[in-house]
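To start, the structure itself, in structure tokens.
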Amino acid sequence: MHAALAGLPLGAVHVFMQIGSTNDEAARLAEAGAPDLTLVTADEQTAGRGRAGRRWFTPPGSALAVSLVLRPSRPVPLGHYAALGALAVCRALGAFPRVEARIKWPNDVLLHQVKVAGVLPEAHWEGDTLRAVVLGIGVNVTPKAVPPPEVLDFPATCVAQAVGRAVSRLALLREIVEGLLYWRARLGTADFLRAWEDRLAYRGAEVWVTPVDGAPWRGVLLGLDAEGRLRVRDERGRVRALHQVAHLRPVAVTE
Ligand code: BTN
């Protein structure tokens, strides 16, 4: 593992065979003063967490579970960190031929319309001061990492299945970390926003939006605004800028 990450300007690297959640361990390290770009990874998570309190499965030998401690030098909306993780995964997956990774706003990465990775950014505040962002990334690499359909809220696959061959977890990890370093340096720039918008799934298509506290409604996904909020035109022609959703789904799946 250390060899796979050799030469990258990381603050520290902590590798576990088994852990509860790499995000929890990274938060603990951040609290204890870990430097910027401290990376935590584990072969297996027993209490992996996803968005909205959902469980995230990381069986041994099958996935990537990575958390990075970031020390923000300037305030950037938390949603941009989800995009940072997603863009890094998309960049890494772009190394495979005929693979077009897309970002299902806010934090999922899709291959061929199906989820292969999720991102969980968590902010750690001290009073009004943002001390750290822990950026967690989980990637399904082999079929063993894909949970059974009955526990999924969106169809899932793994990288090996999507690209049609075995995939080195270590090589993929290195590519993702390189992507994180690349895009981290560009957080909040016009380039970053453009790349994020270019990668959005369902752009120009009809989607169902389920708000956190309301009934689903239908609209056309237009793109992002300057804050990284999702712009969707509803059926009455009104353009809404969303900063969170419970679910986002295409009305029709097209390849
Ligand atoms: C989601 O799609 O809901 C986000 C999933 C994030 C999973 C990763 S795996 C590494 C890190 N540790 C966790 O407990 N969660 C994140």
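Just a few scattered comments:
Matching residues to (1) surrounded by 15 or more Cβ atoms within 10 Å (Cβ to Cβ); (2) more than 17 Å from residue 85 (Cβ to Cβ):
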residue: 158; (1), (2): yes, yes
residue: 163; (1), (2): yes, yes
residue: 168; (1), (2): no, yes
residue: 172; (1), (2): yes, no
residue: 190; (1), (2): no, yes
residue: 214; (1), (2): no, yes
residue: 228; (1), (2): yes, no
residue: 232; (1), (2): yes, yes
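- Any hit, the range 100-109, residues being more than 14 Å from the ligand (Cβ to nearest atom) and over 15 Å from the mean Cα position of the chain (by Cα): yes
- Residues that are of a type in the set (Val, Ile, Thr) and more than 9 Å from the ligand (Cβ to nearest atom), drawn from the range 44-71: 46, 69
- Any hit, the range 147-161, residues being closer than 24 Å to residue 34 by Cβ and of a type in the set (Phe, Trp, Tyr): no
- Of the listed requirements (1) within 10 Å of the ligand (Cβ to nearest atom); (2) without any contact (Cβ under 8 Å) to a residue 60 or more places away in the chain; (3) touching a Pro at 6+ places or on another chain (Cβ under 6 Å); (4) hydrophobic (A, V, I, L, M, F, W, C), residue 156 misses just one: (3).
- At least 3 residues being within 20 Å of residue 209 (Cα to Cα) is the threshold, and among the strands (runs of 3 or more DSSP E) wholly inside the range 41-133 those reaching it are 101-104, 108-111, 114-126.
- Within the range 125-156, the residues that satisfy the criterion of being of a type in the set (Val, Ile, Thr), surrounded by 11 or more Cβ atoms within 10 Å (Cβ to Cβ) and more than 20 Å from residue 104 (Cα to Cα) are 133, 134, 142.
Read-outs throughout are calculated quantities, based only on the coordinates presented, and are distinct from any laboratory measurement. Remember, predicted model here, so these are calculated numbers, not experimental data. Virtual Cβ from ideal backbone geometry, glycine too; neighbours counted across all protein chains shown.
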